[in-house]
1. Which longest uninterrupted range of the chain lacks any chymotrypsin sites (Phe, Trp or Tyr not before Pro) assigned by DSSP to a loop state (not H, G, I, E or B) and surrounded by at most 15 other Cβ atoms within 10 Å?
2. Heavy-atom accessible area per residue, the chain, 1.4 Å probe: how many Å²?
3. For Asp59 and Trp107, what is the calculated FRET efficiency with R₀ set at 22 Å and r taken between the beta-carbons, to the nearest 0.05?
4. Between Ala75, Ala31, Ala92, which gets the highest mean-square fluctuation from a Gaussian network model of the chain, Cα cutoff 10 Å?
5. With a 1.4 Å probe and all protein chains left in place, how much of the accessible area of segment 35-103 comes from carbon and sulfur atoms, in whole percent?
6. For segment 1-69, calculate the relative contact order in percent as a whole number, restricting contacts to Cα pairs under 8 Å that are 6 or more residues apart.
7. Among Val28, Val93, Val51, determine the one that fluctuates most according to a GNM of the chain built with springs between C-alpha atoms less than 10 Å apart.
8. May I ask you to evaluate 6.51 cos²θ - 1.76 cosθ + 1.60, the Karplus curve with θ = phi - 60°, for each residue of segment 101-117 and list the ³J(HN,Hα) values in order in whole Hz, giving x for glycine and proline?
Amino acid sequence: QFQVAESGGGLVQPGGSLILSCTISGDVFSATSMAWYRQAPGKEREFVAEVTWSGDNTDYAESVKGRFTISRDNAKNTMTLQMNSLKYEDTAVYYCKVAHPIFGDHWGQGTQVTVSS
């Protein structure tokens, strides 16, 4: 199967930008999609953005539309989330999920994003 790992989290001021990366290692062949979810303290995990395996289609939560951009690098089996105009409420642990038609959903361990002045 394959493994998923996130990177790029950190501390950023409100209005700032951050780029998260998700890297797949192992034999993934063709998955269905890759997505970002996040979980803030005391809250349930929520959907942030998704991109199809081909990279042709994307979807975003209303709360991040216009501020976040998801993209895939097919050759490198990576996905990035460009986060701009960050707000306090974007503070959360961000998780990468790879949806595979045979092996099911694979999640990374998460990366912390903290928006604070």
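1. 30-102
2. Numbers: 6100 Å² over 117 residues.
The answer is 52 Å² per residue.
3. 0.75
4. Result: Ala75 has the largest fluctuation of those listed.
5. Numbers: 1700 of 3630 Å².
For segment 35-103, the apolar C and S fraction of the accessible surface comes to 47 percent.
6. On the way: 82 pairs, mean separation 14.6, N = 69.
Relative contact order of segment 1-69: 21 percent.
7. Fluctuation is largest for Val28.
8. x, 10, 8, x, 7, 10, 10, x, 7, x, 9, 7, 10, 10, 9, 7, 8
The values are calculated or read from the model by the stated rules, or taken from the named source; none is laboratory data. Note that the structure is a prediction, hence the values are computed from the model and not measured. Backbone-built Cβ (ideal geometry, glycine too); neighbour counts: all protein chains shown. For the accessible areas, the whole protein counts, side chains as well, though only heavy atoms, and no ligand, DNA or RNA atoms are used. Shrake-Rupley method; radii C 1.70, N 1.55, O 1.52, S 1.80 Å.
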